[in-house]
Amino acid sequence: MEDVVISVLHRTMVAGTPLLLGTVGEVICERSGILNLGVEGVMSVGAVVAFVVTYTTGNPWLALIAAILAGMIISLIHAFASITLMANQVVSGLALTMIGLGLSGMVGKPYVGKPLAVKMNDFAIPWLSDIPFVGPLLFKQSPFFYMAILLALAAWFFLERTLAGIKVRSTGENPRATETQGVNVTLVRYICVITGGAFSAMAGAHLSTSYSKSWIEGMTAGRGWIVIALTIFALWNPGKAIFGSFLFGGVFVLQYLLQPVGISPNFLAMLPYIATLLILFGMGLRDRRRLNAPAQLGEPYKRGER
Amino acid sequence: MKKIQKLEMVNISKSFHGNFANKDINLHINSGEILGLLGENGAGKTTLMNILYGLYQPDSGEIRINEKHIKINSPIDSIHHGIGMVHQHFMLIQNHSVIENIALGYEKTPFFFPKIRIHDKVVEFSEKFNFAIEPYKKVWQLSAGEQQRVEIIKALLNGADLLILDEPTSVLTPQEIKELFRILKDMKAQGHMVIIISHKLDEIMEICDRVTVLQKGRISGHADTALMDKRSLARMMIGREVLFNVNREPLPKGELVLKVSNLHVVGNKGVPAVKDISFDIYANEIFGIAGVAGNGQKELAEAITGIRPVKSGSVFAGSKNITNMSPRKIYDHGVSHVPEERIKFGIAPGLFLYDNAILKQHHLDKFSKNIFLEYGRIKKHTRSLIDSYRVATHSIDVQIKNLSGGNIQKLILGREISENPPLLVASHPTYGLDVGATEYLREQLLKRRREGGAVLLFSEDLDEIFELCDRIAVMFQGEFTGVLDSSEREKLSDIGLMMAGAIRY
């Protein structure tokens, strides 16, 4: 019985990893005031690039770097449209999703059905992994899992405990006041959007080189949208994102587990969104400010205009 | 040792789009002095201080610190030179804590653990001037006075020897004003210099050592406040003997068109904005409401026209009670409205000219049938409006935002008065318009009066008020400090004092 529990929880951790990576990236991006609905597309691009590079070079770490670079470059489209051109961020983000999905489908076509010979192997941390129950659960995991946790903590530290973090958050709250304090609002926003892209691409790389070791078109399977919901669920806090991601990861696992009992997986697939709506209702009813949403999220900033 | 012992602005001129905002301005301030910069709205006070703070570049003239010419290209330069500015609208991030706001603008904030590491410094400054600020409170939880003190700490931490305060008392309660003045006196005692932009005579008299008065972009005088009285300062600010017009022929008093009784209205911040105001307006009359912006005029206009709820009291259009009716119903009862901020409230900028010509009237039979608009008639109506009210446009098939301000305003006015409503409420109808458009609009208001209509005119432009109005009410802090007939010239010459709340009739 204990084995079953550990196995379910282990799979929960695995399923939560890409969600956490994506959410941390989206939190950073949205904290600077830019809404990026392109996560699904960027994730997909990260997945295909990581797969192709691993397939051809046999080096999943090189593949990870390539995926991150690809994610950053493709996010530039959204950054340029929403920051420089001040376009509607919803439209631009959705376009990014479409471009990313289409592009990855095209690039990945020749690789469909070809499994990887090497993948990102799980890594057991010495000593710690020997602890009963906790060891196999938390310390015998894919490197992506460790990276996700560390990056989430680092992002929290960055946003809450550094001057640069204050600048990022101020940019999302009140770009005009921030600019009068000598901060380059445009630069901050570019960096945050691109960083968000890097995180999403990492999540994609996890899917194709660690979670499974194959490429299938549409393998991101809506995780990008869950990330958007999770960002709200976590109240734009990378620390809370850790909790939320593994909670939603658990829902993913339950989809398979509860199917034999007669609970529709479609119903379970809705749960993350329902949970997010409940959070929005609950917080919204109490006090909007407690929601913690960046005040200028989604609003283009025009310099020198009153 | 203070970085600035003496600061001078020499022959500063600045113009925007060919209109000068500042012309040949000279002023100076010494260490340990509080200088008042007095003038009406639009006199160029804020422009001048924005030049000093580096937000604007002067067209000519120079700034000297300790007899040495310096160049200020941006706020960063001015901060380095020891100049700090607290804007009228605070530049604070509402959802962040006090200390995060301070960390953002403080030059010496460390990268890691900024909040903890500047905490002691903030507390030290806060105690030095008795600010009583809790560093970890969120800004939105603070009162306006506390927010202002956060802004002052921000400036002082960056080493500001000269502090510029733009209308510092406009958002404060009387207690907070007292507190602010105590802080300013403490700062003065420590050798800081302060420039206060204001149009409130009482405050200038109380806190300032010297005063420089601006009028229409020029200096109209310098004075030691100790040697001046309020009356002479008011004259300096208004800058002219009050002149009276001319082509406003006397008309017999008509019927009652608007009766406002004991009106109370709450402003945006939840504080009372209009306090127990009552007045009547009759046909053949233009009733003017003068006063400095922010004394409840906006809320009064909005309450009468149905945009803002009336808390208590009543508004009658003729014999019909229109209190708290919807704006459209109020319009249907014969009260039309030329709102302030015409682009924001008067039109839908992205819609076509002809769409804008029937706003609030689209539901009338002549413009629509069931759910369909009758564009044929609408366009015909629009063309006749354009002709009658001299709107210059090459076509009516353009988005209205492409028109100039004057032409937009003429269309709005035409839309509102073409049906000859008994009452027109006009808020700052000529604000920001060129001379030609202004003159035309004023003529139209006088024409309404002649034709048996009534106009309730809100304006900060005293020339306009004197030229047009039969009766003039002066509004100060939500109350009338007097309602005067245009024949009471003796009293009207004290309108500056009434606007400052210093006397009441």
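The values are calculated or read from the model by the stated rules, or taken from the named source; none is laboratory data. Since the structure is predicted, the reported quantities are computational estimates derived from the model, not experimental observations. Here the Cβ positions follow ideal geometry from the backbone for every residue, glycine too, while neighbour counts run over all protein chains shown. All accessible areas refer to the heavy atoms of the entire protein, side chains included, with ligands and DNA or RNA removed. Shrake-Rupley method; radii C 1.70, N 1.55, O 1.52, S 1.80 Å.
Per residue of the stretch A:69-83, what does 6.51 cos²θ - 1.76 cosθ + 1.60 with θ = phi - 60° give for ³J(HN,Hα)? Whole Hz please, x for Gly and Pro, Karplus curve as stated.
Working through the residues one at a time gives 4, 4, x, 5, 5, 5, 5, 4, 4, 5, 4, 5, 5, 7, 8 Hz.
Only four residue types carry charge here, +1 at the Cβ of Lys and Arg and -1 at the Cβ of Asp and Glu. Report the dipole size of the protein assembly as shown about the Cα centre in Debye, rounded to the nearest 20.
Magnitude of the dipole: close to 1180 debye.
In the stretch B:216-316, what is the count of Lys pairs whose alpha carbons are under 22 Å apart, counting only pairs at least 8 residues apart or on separate chains?
For the stretch B:216-316, qualifying lysine pairs total 9.
Express the carbon and sulfur contribution to the solvent-accessible surface of chain B as a percent, rounded to the nearest whole number, probe 1.4 angstrom.
About 51 percent, which is the carbon plus sulfur part of the accessible surface.
Can you list the HN-Hα couplings for the stretch A:10-26, worked out from phi with the Karplus curve (6.51, -1.76, 1.60; θ = phi - 60°), rounded to whole Hz and with x for Gly and Pro?
4, 5, 4, 4, 5, 5, x, 4, x, 5, 5, 4, x, 5, 4, x, 5
Provide the per residue accessible area, probe 1.4 Å, for chain A, rounded to a whole number of square angstrom.
43 Å²
Give the angle, between 0 and 90 degrees and rounded to the nearest 10, that separates the Cα long axis of helix B:114-128 from the longest principal axis of the Cα atoms of chain B.
Orientation of helix B:114-128: about 90 degrees from the principal axis.
From other protein chains only, count the Cβ atoms within 10 Å of every residue's Cβ in A:151-161, then give the mean.
Partner-chain Cβ atoms within 10 Å, mean over residues of A:151-161: 1.
Filter the GluC sites (Glu not before Pro) in the stretch B:411-468 to those in DSSP coil with at most 12 other Cβ atoms within 10 Å of their Cβ, and list the result.
Those satisfying the criteria are B:Glu419, B:Glu451.
What does the helix-only formula give at 222 nm for chain A: each DSSP H stretch with n ≥ 4 adding -39500 (n - 2.57), the total divided by the residues, and the result rounded to the nearest 500 deg cm²/dmol?
Result for chain A: -22500 deg cm²/dmol, rounded to the nearest 500.
Can you tell me how the stretch B:9-91 classifies by the Cα gyration tensor, rounded, prolate or oblate, using a/c under 1.5 as the rounded cut?
Rounded shape, in that the Cα axes give a/c under 1.5.
Counting partner chain Cβ atoms within 10 Å of every residue's Cβ in A:165-171, what's the average?
Taking all residues of A:165-171 together, the mean is 5.
Please list, in order along the stretch A:231-242, the HN-Hα scalar couplings obtained from phi with the Karplus expression 6.51 cos²θ - 1.76 cosθ + 1.60 (θ = phi - 60°), rounded to whole Hz, x for Gly and Pro.
Once θ is set to phi - 60°, the couplings for the stretch A:231-242 become 4, 6, 4, 7, 6, 6, 10, x, x, 5, 5, 4 Hz.
Could you size up the charge dipole of chain B around its Cα centre, putting +1 on the beta carbon of Lys and Arg and -1 on that of Asp and Glu, and report it in debye to the nearest 20?
940 debye
Below 14 angstrom from the Cβ of A:Gly218, what's the summed charge of the other residues (Lys, Arg +1; Asp, Glu -1)?
So the surrounding residues net to 0.
Placing unit charges on C-beta atoms (Lys and Arg positive, Asp and Glu negative, everything else neutral), compute the dipole magnitude of the stretch A:1-150 about its Cα centre in debye, rounded to 20.
Charge dipole, the stretch A:1-150, about its Cα centre: 380 debye, nearest 20.
Would you list, by chain and number, the aspartates and glutamates whose Cα falls below 16 Å from the Cα of B:Lys115, excluding same-chain residues fewer than 8 positions away?
Result set, ordered by chain and number: A:Glu160, B:Glu100, B:Glu107, B:Glu124, B:Glu134.
Cα gyration tensor of the stretch A:1-117, axes a ≥ b ≥ c as square roots of the eigenvalues: rounded (a/c below 1.5), prolate (a/b > b/c) or oblate?
Oblate, because a/c is 1.5 or more while a/b does not exceed b/c.
What does the charge count near B:Val213 come to, summing +1 for each Lys or Arg and -1 for each Asp or Glu among other residues with Cβ under 12 Å from its Cβ?
+4
Counting each DSSP H run of 4 or more residues in chain B as -39500 (n - 2.57), what helix-only mean residue ellipticity at 222 nm follows after dividing by all residues, to the nearest 500 deg cm²/dmol?
For chain B, the value works out to -9000 deg cm²/dmol.
Using a 10 Å cut-off on Cβ to Cβ distances, tally the other chain neighbours for every residue of B:113-123 and report the average as a whole number.
Mean shielding by partner chains, rounded to a whole number: 2.
Rounded if a/c is under 1.5, else prolate if a/b beats b/c, else oblate: with a ≥ b ≥ c from the C-alpha gyration tensor eigenvalues square-rooted, which is the stretch B:359-432?
Cα axes put the stretch B:359-432 in the oblate bin.
Farthest toward the dipole's positive end in the stretch B:93-203, which of B:Ile183, B:Gly145, B:Asn101, given Cβ charges of +1 (Lys, Arg) and -1 (Asp, Glu) about the Cα centre?
B:Asn101
Measure nothing fancy, just the Cα-based angle from helix A:89-108's long axis to the longest principal axis of chain A, in degrees from 0 to 90, nearest 10.
30 degrees
Any idea which of B:Ser336, A:Ile242, B:Phe90 is furthest toward the positive side of the dipole for the protein assembly as shown, if Lys and Arg beta-carbons carry +1 and Asp and Glu beta-carbons -1?
Value computed over the given set: A:Ile242.
Would you please name the GluC sites (Glu not before Pro) within the stretch B:31-74 that are DSSP coil residues with at most 16 other C-beta atoms within 10 Å of their C-beta?
Taking the stretch B:31-74 and a limit of 16 other Cβ atoms within 10 Å, the loop GluC sites (Glu not before Pro) found are B:Glu67.
Show which lysines lie in cross-link reach of B:Lys68 when reach means a straight Cα distance below 28 angstrom and same-chain residues fewer than eight apart are skipped.
The reachable lysines, counting only those whose Cα sits under 28 Å from B:Lys68, are B:Lys2, B:Lys3, B:Lys6, B:Lys14, B:Lys23, B:Lys45, B:Lys108, B:Lys154, B:Lys185, B:Lys188.
Test of understanding: in a Gaussian network model of chain A with alpha carbons linked when under 10 Å, which of A:Ser208, A:Ser32, A:Ser129 would top the mean-square fluctuation ranking?
Judging by the Gaussian network model, the answer is A:Ser129.
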